[in-house]
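Remarks on the structure that follows.
Please treat every number below as a calculation from the coordinates, not as lab data. Not measured: the values here are computed from a predicted model. Neighbour counts are summed over all protein chains in view; Cβ atoms, including those assigned to glycine, are modelled from backbone coordinates with ideal geometry.
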Amino acid sequence: MTMPWKLICKQENLIEGAGVAAMLNGEQVAVFYVPESDNKIFAIGNWDPIGKANVLSRGLVAHLQDQWVVASPLYKQHYELSSGQCLEEDIKVPHWQAKLEGGEVFIATHS
Amino acid sequence: MTSTVSFLTTKPHLIVVGNGMVGHHFVEQIIAQGGHETFQITVFGEESYLAYDRVHLSEYFTGKGAADLAMTDGTLYDEHGVRYFTNSLVTEIDREAKQLILQNGEALAYDKLVLATGSYPFVPPIPGHKRDNTFVYRTLDDLDAIRACAKQVTRGTVVGGGLLGLEAANALKNLGLETSVVEFAPRLMPVQLDEQGGAVLKEMIEGLGVQVYTNTATTEIVDGEMAFHRMNFADGSYLETDLILFSAGIRPQDALAHQSGLSVGERGGICVNNHCQTSDENIYAIGECALWNNRIFGLVAPGYAMAKSAAGHLMGDAGVTFTGADMSTKLKLLGCDVGSVGDAHAQSQGCKVFVYQDELSQSYRKMVVSEDGKKLLGAVLVGDNSYYDTLLQYYLNGIDLPTQAQALILPAMDGAPVGLGVDALPATASICSCHNVSKQDISDAVCNGALSVGDVKGITKAATGCGGCAALLKKVVDNELLALGVEVSTDICEHFAYTRQDLYNLVKVGEIKTFAELLKTHGKGHGCEICKPAVGSILASVWNDYVLKKEHISLQDTNDRFLANMQKDGTYSIVPRIPGGEITPERLIVLGEVAKEYGLYTKVTGGQRIDLFGATLSQLPQIWEKLIAAGFETGQAYGKSLRTVKSCVGSTWCRYGVNDSMKMAIDLENRYKGLRSPHKIKFAVSGCTRECAEAQSKDIGVIATEGGWNLYVCGNGGMKPRHGDLFAKDLDDETLVKYIDRVLMFYTKTADRLQRTSVWMEGLEGGLEYLKDVVINDKLGLCAELEASMQHVVDTFQCEWKTTLKDPEALKTFRQFVNYEGSDSNVVFVEERDQMRPATEFEKQQLIAKVG
Ligand SMILES: Cc1cc2nc3c(=O)[nH]c(=O)nc-3n(C[C@H](O)[C@H](O)[C@H](O)COP(=O)(O)OP(=O)(O)OC[C@H]3O[C@@H](n4cnc5c(N)ncnc54)[C@H](O)[C@@H]3O)c2cc1C
Ligand code: SF4
């Protein structure tokens, strides 16, 4: 089996405490760089299923009850960065494993 | 003899006939729309009381007096020049001459006429129905008569087992009479209940000691042996009773329509269209006398809706039409819960039914669902109305039923929740149908500071009509409060145990320059989407740093972070500053050219600027490069900051202008353009008191006078309009600016996050006088500091876009994707009226289908 990790970009392309969008296999991914978190990097789908637009990477990162979340910039629902679970509705967006290694950002292609 | 009364007025004359609940609501509505300025309004009512709350009429027997039930004591009418006459029956309409004839023979000319004559109780023409000690149940006078009689006798009977009949039976019981109900139909409440529901209700009511005779026709009423009356029934049996109360239905009071030849329905009722106009366009009919689409609406909420549409139409707004109303009801009759929703009789095509019955605890519930089981079409409840609110909301909002739909009428087992949480209701869900208050209206009220059910009632009027929604209202309010975290504290969020005002002072006094520093010294955790932008805004108000600095960028809401306004499809709109709305042809052409080059949708805004829609993230810097080259600056339409200073051309061009409003507007806009504040701020400057710039609806409004400038503060348009308060008169230029500096900085320093000046003022203890004291008399000794703070903001202004274009780090963030040069394939435009707009979901599917 080959390694499922895919190089996405350099660490310097990320924005501290916020998200950027990336393309993975034709799918839009929101990649968040949260230096204070254990994980440092999170990847969830960029598609906001409620606002119906590719915007989650442009939301505000928040820390609520010990969970890292992003608030959708359209209608403000929260999505957990680690699981893609929406806190307000019974909806989940996709999520991927992600890591920072040697100044580079990787996402696992099997989610 | 007819004498003609004439009134000295040049306004068209609007006459309202009938001062019941709906007639009164109509007057309220038309006053609210300024109709008393357009029309001379006169009201005639037949009863001796001004409008009172007929819905709660029965409370007249349980302790309430006429004054408690009154809907007005006439003050509202007096204050708005509405003339009213009680004890005045209108007997004739002369449509030819456009005049009314009163019972006393007087005539009065009208231009527009509104009939709100309600209905009258139907008394079946049984021989003996006019005997003494027979009554109806409709007015305060009726109830006085019933009470007087009940004092003398022991037995009372209600003819009619419908909703009102049972209510009347309850009243007789409360008056201490042995009570019976005689119903012609095979069951009680035949309109609302099905057979089984009616049977359960009968059993319950008999359990309370009220005799119920269904399927019983009275043939005559004669002298009794043991009691005053004897009612002989068709089957040969009889009932003896002292008092008879007829409640056999109501009939629309359409006598005037018959008399004047307006078209009426076959079974009565004045025919009206969606604006509640009768067959004579100058005559409207509303409430229970009106027949819409061949239907009479015997409830108060539809009557209110009719009043609103007629008032709107008279005031030139044909948009509020009456298009029918929901007739679902819930009530407590003789202590028994009864509810009926939608199609209670399961008459819809292909519908399916769930039934639950419990003979032990006497309850019955039925649910009528669509053929596919997805939607609720109707319901019947007897014995327990706690299921009603949820069912009604499913019904009214067409919400898809859950898979185990039957749970909605089954008793809660093991405490499993059955209710539809108020969370699940859409914002448009109607909570109070009497006053047409939606869930959104309630959450707006809560957001604007109404923190209790009482406050919300005061603002929205919800639950002040029939009161049926009170429980639901409480749930919605509690839920909204919970969502705001209000009941716990005034802390801004879980990360800072402070109010915004506290944080502002901490930042200023502690010379704190970053979010991280503030969090470390005064907060905990890592911040969230509430505190981050709030602190970002405070830092900007106090230090006025570039907002996209590395340490500030993650604090910014998406609009601030990308210096543009995100639209529903994730693209942005761009608004360059056009101070005072003054723009040269050259710049106008540049805007047009840029829009053309990037295929942007263009629209003139309410603030006299031009908004360019549909730019993608990566286009923003390119577009701004061009705009800045042409001399434009950022308009900060994305920020909680000064938006625009709207203005008229003033004395330069206008023949009425008394001062140069144009120059003042431009100067003010340029002075305050960098200010970040708790919420957006709008200004306007008018060149004279004709007020073409609508300054009194702005946060800061300036109006030129012969003696200088009048300053208005804390006005608002939009969702909750507020007229600005006149703060000071006849100011010279310098004092005007000084006062505005102080007011705005005091607001910035003390308001809550996302609190507009209007709401801030409303919550300011001491109100306008206090603000004057602080700003004009320097009561707090703050003025020097406020001015210095403002001067700092003015001196450190930078165009954020200019700075961004010079900052490669910041520019990096404007890439659509970090690893791909393409664009977002979900952003799709179509053309409409010669411009592009976002495609709808449906259009996208069509386009994709075509391509694929
Ligand atoms: C006991 C009772 C309980 C009720 N409970 C409920 C309830 O729980 N929920 C609900 O939604 N509804 C209820 N209703 C119905 C509700 O009261 C009516 O829908 C509402 O009052 C209709 O208002 P209206 O203005 O159309 O008619 P009305 O309130 O009847 O007013 C019409 C007025 O016009 C006057 N008038 C008539 N003709 C003339 C004329 N020619 N000249 C001058 N004046 C005239 C009448 O005297 C009367 O005062 C109840 C009614 C009663 C009687
Ligand atoms: S407000 Fe006065 S000066 Fe300005 S346009 Fe209107 S009339 Fe003219």
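Under 17 Å from the Cα of B:K626, which aspartates and glutamates turn up, not counting those fewer than eight places away in the same chain?
Of all the aspartates and glutamates, those that pass the test against B:K626 - Cα under 17 Å, at least 8 places apart if same chain - are B:E586, B:E593, B:E597, B:D611, B:E800, B:D807.
How much of the DSSP bridge set in the protein assembly as shown is antiparallel, in percent, rounded to the nearest 5?
70 percent
Relative to the longest principal axis of the C-alpha atoms of chain B, give the angle of the C-alpha long axis of helix B:531-543, reported between 0 and 90° and rounded to the nearest 10°.
Taking Cα atoms only, the helix is inclined about 50 degrees.
In square nanometres, what is one fourth of the surface area of the convex hull spanned by the alpha carbons of segment B:696-852?
Taking the Cα atoms of segment B:696-852, their convex hull projects to 16.1 nm² on average.
Using only Cα atoms and rounding to the nearest 10 degrees, what angle (0 to 90) does helix B:21-32 make with the longest principal axis of chain B?
Result, in degrees: 20.
For segment B:280-337 and segment B:66-91, what is the centre-to-centre distance using only Cα atoms, to the nearest Å?
Cα centroid of segment B:280-337 versus Cα centroid of segment B:66-91: 21 Å apart.
Return the sequence-ordered ³J(HN,Hα) values of segment B:339-346 in whole Hz as given by the Karplus equation 6.51 cos²θ - 1.76 cosθ + 1.60 applied to θ = phi - 60°, using x for Gly and Pro.
Residue by residue, segment B:339-346 yields x, 9, 10, x, 7, 5, 8, 6 Hz.
At a Cα cut-off below 29 Å, give the lysines reachable from B:K844, other chains included and same-chain residues fewer than 8 away excluded.
A:K52, A:K76, A:K92, B:K374, B:K375, B:K568, B:K596, B:K603
Give the long-range amide H neighbours of B:C432: residues separated by 5 or more places, or on another chain, with amide H under 5 Å away, using H modelled in the peptide plane at 1.01 Å from N.
Excluding prolines and chain starts, which carry no amide H, the hits are B:V437.
What's the average, rounded to a whole number, of partner chain beta-carbon atoms within 10 Å of each residue's beta-carbon in A:61-68?
Across A:61-68, the average partner-chain Cβ count within 10 Å equals 5.
Taking beta carbons within 10 Å but only from partner chains, what does the mean come to for residues B:545-558?
3
Please report, in debye to the nearest 20, how large the charge dipole of segment B:183-327 is about its Cα centre when each Lys and Arg carries +1 at its beta carbon and each Asp and Glu carries -1 there.
For segment B:183-327, the charge dipole is close to 460 debye.
Roughly speaking, what % of Cα-Cα pairs in segment B:259-344 are separated by over 22 Å, rounded to a whole number?
Of all Cα-Cα distances in segment B:259-344, 33 percent exceed 22 Å.
Using θ = phi - 60° and the Karplus curve 6.51 cos²θ - 1.76 cosθ + 1.60, what whole-Hz ³J(HN,Hα) does each residue of segment B:227-236 get, with Gly and Pro shown as x?
Values per residue, Gly and Pro as x: 10, 5, 10, 10, 9, 8, 9, 4, 7, x Hz.
Kindly provide the helix-only [θ] at 222 nm of chain B, computed as the sum of -39,500 (n - 2.57) over DSSP H runs of four or more divided by all residues, to the nearest 500 deg cm²/dmol?
-9000 deg cm²/dmol, from helical runs alone.
Taking a spot 7 Å from the Cα of B:R83 along the direction of its beta carbon, which residues of segment B:42-56 have an amide N less than 15 Å from it?
It comes to B:42-45, nothing else.
Which distance in Å, rounded to a whole number, links the C-alpha centroids of segment A:38-111 and segment B:679-716?
With segment A:38-111 and segment B:679-716 each reduced to a Cα centre, they are spaced 45 Å.
What FRET efficiency comes out for the pair B:E551/B:K779, r = Cβ-Cβ distance, R0 = 41 Å, nearest 0.05?
The calculated FRET efficiency here is 0.65.
Give me the inter-chain shielding for A:16-22: mean count of other chain Cβ atoms within 10 Å, whole number please.
The per-residue average across the peptide is 6.
How tilted is helix B:500-509 with respect to the longest principal axis of chain B? Cα atoms for both, answer in degrees (0 to 90, nearest 10).
Tilt relative to chain B: about 20 degrees.
At each listed q (0.11, 0.13, 0.16 Å⁻¹), what is the log10 of I(q)/I(0) that the Debye formula gives for segment B:1-90 modelled as equal alpha-carbon point scatterers?
Reported log10 I(q)/I(0), two decimals: -0.35, -0.47, -0.67.
Packing-wise, with mean Cβ within 10 Å as the measure, how do B:275-283, B:670-678 rank, highest first?
Highest mean packing first, the order is B:670-678, B:275-283.
Quick check: pseudo-label points 7 Å beyond the Cα along Cα→Cβ at B:I589 and B:T428, how many nm apart are they?
4.6 nm
Taking 29 Å as the cut-off for C-alpha to C-alpha distance, list the pairs among B:K474/B:K720; B:K550/B:K646; B:K720/B:K772; B:K682/B:K738 that go past it.
B:K550/B:K646
Could you tell me how far the Cα centroid of segment B:753-774 sits from the Cα centroid of segment B:237-262, in Å?
Answer, in whole Å: 56.
Assuming a viscosity of 1.567 mPa s and a temperature of 4 °C, what translational diffusion coefficient in µm² per second does Stokes-Einstein assign to the protein assembly as shown, Rh being the Kirkwood radius over Cα pairs?
In µm²/s, the coefficient rounds to 40.
Counting residues in chain B as N, plug N into 2.2 N^0.38 Å and put the Cα Rg over that result.
1.16
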